[in-house]
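Derivation of every value follows stated rules applied to the coordinates shown; laboratory data play no part. Just so it is clear, the model here is predicted, and its values are computed rather than measured. In this analysis, Cβ positions are derived from the backbone assuming ideal geometry, glycine residues included, and neighbour counts consider all displayed protein chains.
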Ligand SMILES: Cc1ncc(C[n+]2csc(CCOP(=O)(O)OP(=O)(O)O)c2C)c(N)n1
């Protein structure tokens, strides 16, 4: 199966938006304009976009603390996201959630998550709804290599399997959980774990959009046609620290630069589509420039937007409740 | 006396107890850090650098980095405690109790009683709490009322570096499971902390200010706000007793009731959500035991009945303020002469 030019353009645009978004958030955080905990996804773009390219409005995803990329890939509004990260009233969650809790249920984005391993059980729920209502919807749980060691994740593997739920588990293995290497923390293999629960699993090069896209196509189709859950072990790399402010001394000297040079997801995508004459460099360049400008506008809007007001503190605790 | 930060006080307490007793081990996520990684070993020392330097001194056998599996490693610490070690496990943020609470409240807390007094469980769980870090709803809660509710658990909430070291050493030597709360915005707070080993007994409140007009009872970080309010009020001639219970289980009821009776006007300050928290508990205790001595209704200054919001504009509204404590005392002092 082939990607159309339009699909390629959309995919590249989303990857550029994610990269620009994360670089901008990095700069704004460094300048002291963004508070709190911020975890950036730069370097991992091919995973979110390669997988979400197969999803539509029927489908749901559950994300992690490193959620900006998943949000953009699933169609959340980057401007609303930026306002949220700046803690502004018109942010996607009214400024109440922040970077770690961006959600847009209208887009099937069930939330970034501050709890490692919080997503997989919830995604079983989304899959149950889809199955019960017979919507044809698929539910995708993104988890990190670190989150793959959480009991909630294992229990979800089993539940999805025994209930035959339309789930794809995506283990994004960026080599580290905080400062701890996944080589050390993960007993057995991700694919072996999936097989242990009776699910198919494949290892995928997460720097290569096309590899992710292809593996995800099979996993999503499988879930959609009622053949049950499966797992993708996506191997990739994060460029920034665990959170903004992390000096990343646990990485080897020069490691980040090496990956950027050899395995950058955007560079690899460009090279591939130009070599195969699917898109030309001019087109790619203008997509990049548009993304850059759009994200700069998002930052400008977020910087000047209004903060929430006193009255907002106690709204939405319950559906309709005055305490 | 040397000045040390809250962070240094905890690090020193752990180090001295580990030097003294080889049954003390520590474990947690990135508690040393760099496990299996190609770069620096001991890369983190926990997310706030509190345990930095302990792994190089004591080795990875006693400073154990864990996978992200709280249910397994907190339970493992409980199991090691009941079989002869003295583990200090770090539950990075208390909000993460959600994934491991069974091992704490159904297992560790109940061994001694359920097993007819035949078990001791010298487990310490160090954990971060509190708002003010812009860390949003799942990394900012207090939650110590939930632990205080459970018989069998002891709960310590130090309000300054001096208390942090003394209470932590006491916690490690204690034969019951202790949950030890560290406020995440207090790690750089400084105070005089002796180099020597010392303990602060559980169940003994500290009276940090003495006065005649009102009693303010506060917990953890709120003690500092209460002290500040007391100092401000003194300028206008109102003197306040400030009580820092230091542990909520066991609770120094005597000091609380005595100081409440003496002034007859009580403010309780608790950063936690207002329902079923420490303030409601202490207020009930006072009403039940010294109602006749009260000159005015008790005031409770707490967080709000809402998740902790991310936006700084909202989070600042969420957290109790020195000004609200001051105003509450002034209001009470205007009553009941
Ligand atoms: C239950 C829980 N435990 C621990 C944490 C602290 N924490 C936040 S992110 C993280 C590392 C997650 O690693 P991984 O799942 O590999 O995702 P990555 O950060 O690499 O994207 C940890 C330990 C948390 N937020 N929730």
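Worth a mention:
- Mean ellipticity per residue at 222 nm, deg cm²/dmol - from DSSP H runs of n ≥ 4 across chain A, formula -39500 (n - 2.57): -14000 deg cm²/dmol
- Cα gyration tensor, segment B:1-88 - rounded (a/c under 1.5), prolate or oblate: oblate
- Rel. contact order, % - alpha carbon contacts under 8 angstrom, at least six apart, segment B:3-192: 26
- Per residue of B:68-76, other chain Cβ atoms within 10 Å of the residue Cβ number 4 on average.
- Between residue A:217 and residue B:119, the distance separating the two model label sites (each 7 Å from Cα on the Cα→Cβ line) works out to 5.5 nm.
- The sum of -39500 (n - 2.57) across all DSSP H runs of n ≥ 4, divided by the residue count of chain B, sets its helix-only mean residue ellipticity at 222 nm to -10000 deg cm²/dmol.
- For chain B, relative contact order (Cα pairs under 8 Å, six or more residues apart, normalised by length) works out to 16 percent.
- Tensor-based shape of chain B (alpha-carbon gyration tensor, a/c under 1.5 rounded, otherwise prolate or oblate): prolate
- From largest to smallest, the equivalent ellipsoid semi-axes obtained for chain A from the alpha-carbon gyration tensor read 27, 26, 20 Å.
- Between segment A:161-218 and segment A:73-116, the alpha-carbon center distance in angstrom: 25
- Equivalent ellipsoid dimensions for segment A:29-93 as semi-axes, Å, which come from the Cα gyration tensor, largest first: 23, 14, 9
- Averaged over peptide A:304-310, the number of partner chain Cβ atoms lying within 10 Å of each residue's Cβ comes to 3.
- Using every pair of distinct Cα positions in segment B:172-257, the Kirkwood expression returns a hydrodynamic radius of 14.5 angstrom.
- Cα convex hull of segment B:206-333 - mean projected area over all directions, nm²: 7.4
- Shown for A:89, A:260: other C-beta atoms within 10 Å of each C-beta, ranked fewest to most, produce the order A:260, A:89.
- Neighbouring Cβ atoms from other chains, within 10 Å of the Cβ of residues in A:93-104, number 5 on average.
- For segment B:61-109, alpha-carbon Rg relative to the globular expectation (2.2 N^0.38 Å, N residues): 1.07
- Here the translational diffusion coefficient of segment B:3-192 follows from Stokes-Einstein with Rh set to the Kirkwood radius across Cα pairs; for 37 °C and 0.692 mPa s it amounts to 200 µm²/s.
- More than 23 Å apart - percent of Cα-Cα pairs taken over segment A:1-110: 24
- Considering only the protein assembly as shown, percent of DSSP beta bridges that pair antiparallel, nearest 5: 15
- Within segment A:1-32, backbone nitrogen closer than 13 Å to the virtual label 7 Å beyond the Cα of residue A:303 toward Cβ: A:24-25, A:27-32
- Cα gyration tensor shape for segment B:222-266, rounded if a/c is under 1.5, else prolate or oblate: oblate
- Ascending count of other beta-carbon atoms within 10 Å, so fewest first, for A:197, B:181: A:197, B:181
- Whole-number D in µm²/s for segment B:108-195 (Stokes-Einstein; Kirkwood sum over Cα pairs; 25 °C, 0.890 mPa s): 173
- Cα centroid of segment B:261-293 to Cα centroid of segment A:284-306, whole Å: 53
- With contacts taken as Cα pairs under 8 Å and at least 6 residues apart, chain A reaches a relative contact order of 22 percent.
- Normalised radius of gyration (Cα atoms, divided by 2.2 N^0.38 Å) for the protein assembly as shown: 1.02.
- Sorting A:311, B:189 from the fewest to the most surrounding beta carbons within 10 angstrom yields A:311, B:189.
- Inter-centroid distance (Cα atoms) of segment A:9-60 relative to segment B:101-146, Å: 36
- Beta bridges per DSSP with both ends in segment B:17-136, % antiparallel, nearest 5: 0
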